[in-house]
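*Asks:* My structure is below; once you've seen it, I'll send some questions.
The values are calculated or read from the model by the stated rules, or taken from the named source; none is laboratory data. Computed from a predicted structure; not experimentally measured. No Cβ is skipped: glycine too gets one built from the backbone with ideal geometry, and neighbour counts run over all protein chains shown.
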Amino acid sequence: KAGVTQTPRYLIKTRGQQVTLSCSPISGHRSVSWYQQTPGQGLQFLFEYFSETQRNKGNFPGRFSGRQFSNSRSEMNVSTLELGDSALYLCASSPDRANSPLHFGNGTRLTVT
Amino acid sequence: GESVGLHLPTLSVQEGDNSIINCAYSNSASDYFIWYKQESGKGPQFIIDIRSNMDKRQGQRVTVLLNKTVKHLSLQIAATQPGDSAVYFCAENMILTGGGNKLTFGTGTQLKVEL
């Protein structure tokens, strides 16, 4: 089975721009979660999608948003980029069963200049 | 102001020795715990998990111990190899009221294997 695929692997943007990141989950996984990883804050939960609906949300500003498509693929968007948004953005999928681990992609490295 | 990064604890071990990585979790209601390994340039990779109704679980060369009394997890790696060099994270799983799961990660431990 193919793993979680994230594109692009690297992005460089300037302050004020917006960015869209893409995630394809493992086949059959319907839950997709997004995490932000920075040296200062570690791994922080952004949001989780299931059946095309945002089911849960972390403590991030409204500039961070996402969506999920009928094939479970997901995108996240960050608008009005700030320098502090520079991070590794990780997508994870799971089959949405109790006590099932999340499986992560290799992330998108976003640099905001 | 200056941004200060998380100081990752580092564990250095000799190749062939056993490694023990420790983690304290915060939520006594957490009922599922996972260990992940993250190599440079990659996402976290699932290693092993354990439910709260267990106190020990073994995999291939790895063992996870759970002590709910003191809210402590440990990951033991037998016969540590150079390929084990990575950052290791524990994560506690919270089942959310809307359904779905949220992982809360520890700060991570850098494991360095010396030849």
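*Asks:* Among the residues of the range A:82-113 satisfying the criterion of being touching a strand residue (DSSP E or B) at 6+ places or on another chain (Cβ under 6 Å) and of a type in the set (Asp, Glu), which is nearest to A:Tyr35 (Cα to Cα)?
*Replies:* Checking each candidate, the answer is A:Asp85.
*Asks:* Just to be sure I understand the filter: pairs with C-beta atoms under 8 Å, separated by 6 or more residues or on different chains, first member in the range B:44-65 and under 25 Å from A:Leu90 (Cα atoms), second member part of a loop (DSSP other than H, G, I, E, B) and of a type in the set (D, E, K, R). Which pairs pass?
*Replies:* Filtered contacts from the range B:44-65: B:Gln45/B:Glu39; B:Arg51/B:Asp31.
*Asks:* Of all residues in the range A:72-84 being part of a loop (DSSP other than H, G, I, E, B) and over 12 Å from the mean Cα position of the chain (by Cα), which is nearest to A:Leu21 (Cα to Cα)?
*Replies:* A:Ser79
*Asks:* Which of the strands (runs of 3 or more DSSP E) found entirely inside the range A:1-71 contain at least 2 residues meeting this: more than 14 Å from every other protein chain (Cβ to nearest Cβ) and at pLDDT 95 or above? Talk me through it step by step, then tell me what you get.
*Replies:* Details: elements: A:5-7, A:10-13, A:19-24, A:31-38, A:42-50, A:53-57, A:64-68.
Passing ranges, in order: A:10-13, A:19-24, A:64-68.
*Asks:* A further question on this structure: Are there any pairs, at least 6 apart or on different chains, whose C-beta atoms fall under 8 Å, with the first in the range A:84-105 and closer than 14 Å to B:Thr104 by Cα and the second of a type in the set (Val, Ile, Thr), and if so, which?
*Replies:* Cβ pairs passing all conditions: A:Ala92/A:Val4; A:Ala92/A:Val32; A:Pro101/B:Ile34; A:Leu102/B:Ile34.
*Asks:* For the subset of the range B:68-115 comprising residues that are among the small types (Gly, Ala, Ser) and in a strand (DSSP E or B), which member is nearest to A:Phe104 (Cα to Cα)?
*Replies:* By that ranking, first place goes to B:Ala91.
*Asks:* Check off (1) among the hydrophobic types (A, V, I, L, M, F, W, C); (2) buried (at least 19 other Cβ atoms within 10 Å of the Cβ); (3) not in a strand (DSSP E or B) for B:Val64 and give me the number that stays unchecked.
*Replies:* Just one mismatch for B:Val64, condition (3).
*Asks:* Please pick out the residue among B:Lys42, B:Lys37 that is within 13 Å of another protein chain (Cβ to nearest Cβ), outside any strand (DSSP E or B) and among the basic types (Lys, Arg). Reasoning before the result, please.
*Replies:* Values: B:Lys37 fails: outside any strand (DSSP E or B).
Residue meeting the stated conditions: B:Lys42.
*Asks:* If you scan the range A:9-53, which residues turn out to be under 28 Å from B:Thr107 (Cβ atoms), loosely packed, with under 15 Cβ neighbours inside 10 Å and not aliphatic (A, V, I, L, M)?
*Replies:* Passing the criteria: A:Arg9, A:Tyr10, A:Pro39, A:Gly40, A:Gln41.
*Asks:* Being within 19 Å of A:Ser100 (Cβ to Cβ), basic (Lys, Arg) and either modelled with pLDDT under 95 or loosely packed, with under 14 Cβ neighbours inside 10 Å (or both) narrows it down to one of B:Lys102, B:Lys56, so name that one.
*Replies:* B:Lys102
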